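Heads up, the thing below is written out as structure tokens.
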Amino acid sequence: MSNHINIVEVGPRDGLQNEKQTIDVATKVELIERLADAGLKSVEAGAFVSPKWVPQMAASDEVLATIKRRDGVSYPVLTPNMKGYEGARAGKADTVAIFGAASESFSKKNINATIDESLERFQPVVEAAEAEGVRVRGYVSCVLGCPYEGKIALADVVKVSKALYDMGCYEISLGDTIGVGTAGEARQMIRAVAGEIPVNALAGHFHDTYGQSLANIYAAIEEGVKTFDSSVSGLGGCPYAPGASGNVATEDVVYMLHGSGFETGADLDALIETSLWVSKKLGRKPASNVTLARAAAAT
Ligand code: HMG
Ligand code: MG
């Protein structure tokens with residue numbers, strides 16, 4: 001059994017999309033380049049969404065045009081519809097992500113579409129991407145709870161995940177958008193989805209609101225999942241998920257994995273340095289226990 005775990009860094013997108021202050025393009029570009037330099041092979045670089053809905057992602061075209069791309073690193077961007085896909089392609093995106101939800105209410109709030117309508121909008125994106133050799137990742141939000149509906153039936157999570165996979169997504173990222181799920185619940189959810197989709201096509205996307213992410217990741221690994229999304233310094237949250245905190249911090253995931261006999265290819269010291277750098281830029285305290293512990297030990 002390979003002991004390699006893939007990390008999909010989502011800080012520059014999921015992390016920054018929720019920041020109220022204006023973040024200049026140069027800072028976004030430096031963040032993405034530092035993360036790739038730290039050995040991460042997938043760094044989500046932005047979102048081609050409506051600037052009225054998520055103003056912080058408005059300059060994603062400039063970001064894509066400016067980053068120095070490293071060989072062997074992919075820079076996915078979110079594309080909710082064909083308009084987004086066209087923007088992403090103009091920016092030479094190699095991978096795009098469509099994003100649906102297992103909750104009707106969240107789907108309406110986040111992308112102004114019912115689940116069925118959203119799948120209809122995604123179909124031409126996947127077809128265009130397939131024709132152009134662009135990889136498509138699929139996100140499913142609210143897999144362990146919804147800010148508007150509370151508990152979500154596992155059958156709904158399975159249904160949307162399978163619809164995205166059958167449409168042609170190479171990977172389905174299962175999002176605990178509001179970070180409420182526990183390891184036992186994550187395990188049950190993954191078992192249910194893995195009943196319909198190969199487990200090696202699943203990824204875990206845990207927000208850390210209730211501090212459960214590392215336990216959830218470990219439970220998911222025990223179920224055979226090998227890919228996890230995380231955000232340097234624990235940046236982030238979704239503007240349409242009130243009260244949700246950032247993703248689990250990349251450096252905390254890497255510390256846990258390396259200390260448990262897994263490898264990721266990431267350089268923990270470089271991640272900690274980037275975490276401190278970005279927190280300083282944003283004027284916030286790192287939401288990473290590992291970074292805080294290392295910083296305290298260094299003083
Ligand atoms: P809509 O208002 O229904 O769209 O929004 P529309 O098609 O009716 O168009 C209305 C206007 O938006 C038009 O402009 C369009 O051109 C424009 P106007 O004529 O009024 O000037 N428009 C766009 N502009 C830029 N890029 C586009 C685009 N599409 C239309 N792609 C829409 C529908 C999907 C666009 C909107 O709801 C939206 O942008 N939502 C994005 C919300 C978002 O980004 N949320 C955060 C990411 S998801 C997340 O964080 C969860 C995740 O991390 C996993 C997890 O944690 O669970 C992935
Ligand atoms: Mg998220």
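Sequence-distant contacts, meaning Cα pairs under 8 Å at least 6 residues apart, place the relative contact order of segment 65-201 at 22 percent. Remark: segment 139-150, residue by residue, has Karplus-estimated 3J(HN,Hα) of 9, 10, 8, 6, 6, 10, x, 10, x, 9, 10, x Hz, where x stands for each Gly or Pro and the curve is 6.51 cos²θ - 1.76 cosθ + 1.60 at θ = phi - 60°.
Model label points for THR22 and LYS68, set 7 angstrom from Cα along the Cα-to-Cβ axis, are 2.7 nm apart.
Roughly to the nearest percent, how much of the accessible area of the chain is carbon and sulfur, given a 1.4 Å probe? That fraction is 51 percent. Between ARG284 and GLU263, the contour length at 0.36 nm per residue exceeds the alpha carbon distance by 4.6 nm.
Among SER60, SER105, the order of accessible area from largest down is SER105, SER60, computed with a 1.4 Å probe on protein heavy atoms. Highest mobility in the GNM of the chain, judged by mean-square fluctuation with C-alpha springs under 10 Å and restricted to ILE32, ILE23, ILE272, is found for ILE23. Working note: Cα atoms of segment 1-86, range along each principal axis, descending, whole Å: 45, 27, 22.
Of the residues ASN81, THR114, PRO51, the one whose Cα sits farthest towards the positive end of the charge dipole of segment 35-133 is PRO51 (charges of +1 on Lys and Arg Cβ, -1 on Asp and Glu Cβ, taken about the Cα centre).
The sum of -39500 (n - 2.57) across all DSSP H runs of n ≥ 4, divided by the residue count of the chain, sets its helix-only mean residue ellipticity at 222 nm to -12500 deg cm²/dmol.
Looking at the chain only, what percent of DSSP beta bridges run antiparallel? Nearest 5 please.
5
Along each principal axis, taking the top coordinate minus the bottom one, the Cα set of segment 128-213 gives 41, 23, 23 Å in descending order.
Taking every alpha-carbon pair in segment 52-146 and binning the separations at 5 Å intervals from zero gives 3, 13, 23, 22, 19, 13, 6, 2 percent.
Calculated accessible area for segment 6-297 comes out at 39 Å² per residue, all protein chains present (probe 1.4 Å; ligands, DNA, RNA ignored). The convex hull around the C-alpha trace of the chain, projected and averaged over every direction, spans 13.8 square nanometres. For a straight C-alpha distance cut-off of 16 angstrom, the lysines reachable from LYS159 (same-chain residues fewer than eight places away being disregarded) are LYS151. Among the protein heavy atoms, those of LEU16 account for about 0 Å² of accessible surface (1.4 Å probe, every chain in place).
Take the residue pairs LYS20/LYS281; LYS92/LYS281; LYS68/LYS285 and return only those whose Cα atoms are more than 18 Å apart.
Going by Cα-Cα distance, LYS92/LYS281; LYS68/LYS285 fall outside the 18 Å limit.
Once C-alpha pairs closer than 8 Å and six or more residues apart are averaged by separation and normalised to the residue number of the chain, the relative contact order reads 19 percent.
The values are calculated or read from the model by the stated rules, or taken from the named source; none is laboratory data. Predicted, not measured: the structure shown is a model, and the values here were computed from it. Every residue, glycine as well, gets a Cβ built from its backbone with ideal geometry; the counts of neighbours run over all protein chains shown. All accessible areas refer to the heavy atoms of the entire protein, side chains included, with ligands and DNA or RNA removed. Shrake-Rupley method; radii C 1.70, N 1.55, O 1.52, S 1.80 Å.
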